[in-house]
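Let me begin by presenting the structure, written as structure tokens, before commenting on it.
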């Protein structure tokens, strides 16, 4: 029944805006449904890419940026991971070759050996270059060698691990009850020198002692034992570096 306050000529109020509002709500609903359907597809691809890129962060400046296949292509994440690892190893090999050349120019080829391993670039220093037998005090000539090595290490942002190693001949002194203490003491001595004298970032460095348990030669010969008594300075490759404590 029509109200007595509304004349026959007066238009009904409320209906036009309600129709517009309903149209707007419907359009918004359709818009979010479309976004939701697109996000499902993209998230699947995003997860696949992120899974493949795990461990590939932290690449040095100047490294080749890996190319991710277009989103419409079907690709195997394992293949992409293998490609990233190959590029990373190629970058590390180039770094090793450059550092080896620089050390040769410094006249240190006979004192510092540069090797490429799966974990990264290794600077291998014989104990005779750094220490006297059974001691962890740096020899005077060791300082010049470590300063030049420190110059090269300052060019990278990767974590750097300093490892001490011994041969299998036992040691038992008040300072070094076993080869564990000797190898660890030598590693920390080198780390302290790189921080205090070569001005490397302490957060970038770590020390480890392995005693006689990671030999690179046969301990049955004098030559082999000499090779095993060493300090390794390793520039960790990027995909290993991301797993290191910050």
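Full extension of the chain segment joining residue 132 with residue 82 gains 13.6 nm, where the gain is 0.36 nm per residue of separation less the Cα-Cα distance.
In percent, rounded to a whole number, the relative contact order of segment 89-241 is 30, using alpha-carbon pairs under 8 Å and six or more apart.
Between residue 203 and residue 98, the modelled labels are 2.3 nm apart [label points 7 Å from Cα along Cα→Cβ]. Once the Cβ-Cβ distance of residue 154 and residue 117 is raised to the sixth power relative to R0 = 22 Å, the FRET efficiency obtained is 0.55. Each residue in 225, 186 was given a count of other beta-carbon atoms within 10 angstrom of its own, and listing them fewest first yields 225, 186.
Could you please rank 184, 26, placing first whichever residue has the fewest other Cβ atoms within 10 Å of its Cβ? Write down the numbers at each step before the final one.
Values: 184 19, 26 10.
So the residues, fewest neighbours to most, are 26, 184.
Using 0.36 nm per residue and subtracting the Cα-Cα separation, the extra length available between residue 143 and residue 216 on full extension is 23.8 nm.
Counting other beta carbons within 10 Å of each Cβ, put 119, 161 in order, fewest first. List each step's numbers first, then the result.
On the way: 119 14, 161 22.
Ascending number of Cβ neighbours within 10 Å: 119, 161.
Each label point was placed 7 Å from the Cα along the Cα-to-Cβ direction; for residue 169 and residue 27 their separation is 8.8 nm.
Every read-out reported here was derived from the displayed coordinates using simple, explicitly stated rules and does not represent laboratory data. As the structure is a computational prediction, the values presented were derived from the model and not from experiment. Note that we place each Cβ from the backbone using ideal geometry, even for glycine, and neighbour counts take in every protein chain shown.
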